[in-house]
Amino acid sequence: MNAFFEDLGSLADGLGMTLLMLLAAGAGSILVGALVAVARISPLRVLRGAAFVYVQFFINVPLLALLILAVFALPAAGFILPIVPTAIIVLTTYESAYVAEALRSGVNTVPQGQIEAARALGLTFGQSLRLVIVPQAFRAVVQPLGNIMIALAMNTSLTAVVGVVELTAHVNKVNLVYAQPVLFYTTGGLVYMGIALIIGLLAGRFERKLAIVR
C-alpha cells in the first residue's frame with residue numbers, strides 16, 4: 001500500500017494527460033462530427049459521398065492501427081508532429097465518425113413538417129441546418145454522445161502503446177517498479193470507471209434539461 005501513496009503524484013500526472021486528451025479530442029470530435037453529419041445530409045452528392053467514405057473508413061479501421069500509422073508511418077513520409085497532438089488528432093478523427101452517425105440519427109428525429117416550414121419561410125439549406133435541424137439533432141442525441149465520450153475516455157488508454165505517457169502508461173511504469181499489478185491496475189480501472197460515471201451522469205443531466213417536449 002505504501003507503493004501506492006509514494007507514486008500517487010505520478011498517477012495523477014497520467015490522469016491529467018488522459019483528461020487533456022479526452023477534453024481536446026472530445027471537443028474536436030463533436031465539431032468535426034457535426035460538419036461530417038451536415039455533409040452526410042447535404043444536397044450535394046459529392047459531399048454526401050465523401051462523408052460516407054470518411055465515416056465508413058474510420059468506423060471500420062481499428063483505432064490502434066490508426067495510432068501506429070500516424071505515429072510511425074507519417075513521420076517517415078515527412079509529416080512530423082509531437083506525439084501528444086498526433087494522438088489527439090487521431091482520436092478526434094476516429095471518434096468524429098461515430099459522432100457524425102449519432103447526429104445523423106438525431107436529424108431523423110426532426111419532424112419533416114418543421115423542415116418544410118423552414119423552407120416555406122424562405123430559409124436556405126444552411127439556415128435551416130443552423131436554426132432548425134442541427135440544434136434539435138444535438139438535443140435528441142445527448143445520451144448517445146455521452147456514450148461516445150465514454151468510449152473516447154477508454155480509447156485514450158491505447159495511446160500508451162505509441163508512447164503517450166497517460167494514465168495507463170503510468171500504471172504500467174509504476175507496476176514495473178513495485179510488481180503489484182492487482183493494486184495498480186485495479187486503481188487504474190477504478191479511475192476510468194469514475195470518469196465514465198461522471199460523463200454518464202452529466203449526459204443524463206443534460207438530456208433531461210434539453211429534452212424536447214413534443
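The values are calculated or read from the model by the stated rules, or taken from the named source; none is laboratory data. It should be emphasised that the depicted structure is a prediction, and the values quoted were computed from it without experimental measurement. Counting neighbours? That spans all protein chains shown, and the Cβs are built from the backbone with ideal geometry, glycine included.
Here are the numbers for the structure shown:
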item	result
Pair list, Cβ under 7 Å, 6 or more apart: region 184-205 residue closer than 15 Å to Gly14 by Cα, other residue surrounded by fewer than 17 Cβ atoms within 10 Å (Cβ to Cβ) and at pLDDT below 90	Thr187/Phe4
Residue within region 90-109 that is surrounded by fewer than 13 Cβ atoms within 10 Å (Cβ to Cβ) and of a type outside the set (S, T, N, Q) present	no
Qualifying residue in region 110-122 (condition: touching a Lys or Arg at 6+ places or on another chain (Cβ under 9 Å) and not small (Gly, Ala, Ser))	yes
Among the candidates Phe58, Phe52, residue that is within 26 Å of Ile41 (Cβ to Cβ) and within 14 Å of the chain's Cα centre (by Cα)	Phe58
Search result, residues across region 42-62 that are surrounded by 13 or more Cβ atoms within 10 Å (Cβ to Cβ), β-branched (Val, Ile, Thr) and in contact with a helix residue (DSSP H, G or I) (Cβ under 6 Å, 6 or more places away or on another chain)	Val55
Meets criteria (loosely packed, with under 15 Cβ neighbours inside 10 Å and among the aromatic types (Phe, Trp, Tyr)) for Tyr192	no
Test: residue in region 90-101 that is in contact with a Lys or Arg (Cβ under 8 Å, 6 or more places away or on another chain) and either among the hydrophobic types (A, V, I, L, M, F, W, C) or in a loop (DSSP other than H, G, I, E, B) (or both)	yes
Qualifying position, being hydroxyl-bearing (Ser, Thr, Tyr), more than 15 Å from the chain's Cα centre (by Cα) and over 19 Å from Leu202 (Cα atoms), among Thr186, Thr156	Thr186
Any pair with Cβ under 9 angstrom, 6 or more apart, that starts in region 57-86 at a residue that is small (Gly, Ala, Ser) and ends at one that is part of a helix (DSSP H, G or I)	Ala70/Thr86; Ala70/Ala87; Ala70/Ile89; Ala70/Val90; Ala70/Val162
Residue that is loosely packed, with under 13 Cβ neighbours inside 10 Å and touching a residue at least 60 places away in the same chain (Cβ under 8 Å), where the choices are Val142, Val161, Val171, Val177	Val177
